[in-house]
Amino acid sequence: MTPQRVVIDTNVLISASLSPAGAPAQIVHRVLAHHILVFSDATFSELKTRLWKPKFDRYLSLETRTALLHDFNAAAYWVKVSPELAAQRFSRDADDDMFIHAAMASGAAILISGDLDLLVLAKQLKNQALDICTPASALTVISSEK
């Protein structure tokens, strides 16, 4: 199996951190072990911003959050998104376009998200060789590649 580049939405990465037994955690572990996690400056910035919100203080220590950001940063394939690509709109929520931009700029085959604004684009972007799927369906897609 050739490792594929994979973009994982912020909501999935945070869910994986909060619930280590769920589908988000399973797919994040599988991607980190067998594939290539992709970040752009925009997607990583969103992760940092969201992870540092006070609402997570009860669930994740500052040390844990720092370690997560360090580890994701170190493990990731970093991609630059051209201004032309960054100007393209795909989602009804423009804030979600950064994940599609990162996937397209890196040639990622899979974008994993729990966000309906991204999931509704699955058929439209399948033509561009990008599979947008939930963490649970990504487990099936990625495990079938073995």
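General observations
Every residue, every condition in (1) surrounded by 13 or more Cβ atoms within 10 Å (Cβ to Cβ); (2) at pLDDT 90 or above; (3) in contact with a strand residue (DSSP E or B) (Cβ under 8 Å, 6 or more places away or on another chain); (4) not aromatic (F, W, Y), yes or no:
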residue: K80; (1), (2), (3), (4): no, yes, no, yes
residue: P83; (1), (2), (3), (4): no, yes, no, yes
residue: R89; (1), (2), (3), (4): no, no, no, yes
residue: A102; (1), (2), (3), (4): yes, yes, yes, yes
residue: G114; (1), (2), (3), (4): yes, no, no, yes
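- Restricted to the range 131-146, and to residues there that are within 17 Å of P3 (Cβ to Cβ) and surrounded by 11 or more Cβ atoms within 10 Å (Cβ to Cβ), the residue that is modelled with the lowest pLDDT is E145.
- Hey, V12 in contact (Cβ under 8 Å) with a residue 40 or more places away in the chain, in contact with a strand residue (DSSP E or B) (Cβ under 6 Å, 6 or more places away or on another chain) and part of a helix (DSSP H, G or I) or not: yes
- Check on T43, closer than 12 Å to I14 by Cα and β-branched (V, I, T): no
- For the range 86-102, the criterion of being hydroxyl-bearing (S, T, Y), more than 23 Å from L18 (Cα to Cα) and touching a helix residue (DSSP H, G or I) at 6+ places or on another chain (Cβ under 6 Å) is met by at least one residue.
- A count restricted to the range 48-73 and to residues that are surrounded by 12 or more Cβ atoms within 10 Å (Cβ to Cβ) and either touching a strand residue (DSSP E or B) at 6+ places or on another chain (Cβ under 8 Å) or among the small types (G, A, S) (or both) stands at 3.
- The set of residues in the range 116-130 that are surrounded by 15 or more Cβ atoms within 10 Å (Cβ to Cβ) and either outside any helix (DSSP H, G or I) or modelled with pLDDT under 75 (or both) comprises L121, A122, L125, L130.
- Residue within the range 44-51 that is of a type in the set (A, V, I, L, M) and touching a residue at least 12 places away in the same chain (Cβ under 8 Å) present: yes
- Screening the range 94-117 for residues that are free of Cβ contacts under 8 Å to residues at least 60 places away in the same chain and touching a Lys or Arg at 6+ places or on another chain (Cβ under 8 Å) and picking the one that is farthest from R5 (Cα to Cα) gives D117.
- Among residues of the range 77-93 that are closer than 22 Å to L116 by Cα, those with a Cβ under 7 angstrom from a residue that is assigned to a helix (DSSP H, G or I) and among the charged types (D, E, K, R), sequence gap 6+ or separate chain, pair up as R89/D97; F90/D97; S91/D97; S91/D117; R92/D117; D93/D117.
The values are calculated or read from the model by the stated rules, or taken from the named source; none is laboratory data. These numbers come from a predicted model, not from an experiment. Cβ atoms come from the backbone with ideal geometry, glycine included; neighbour counts cover every protein chain shown.
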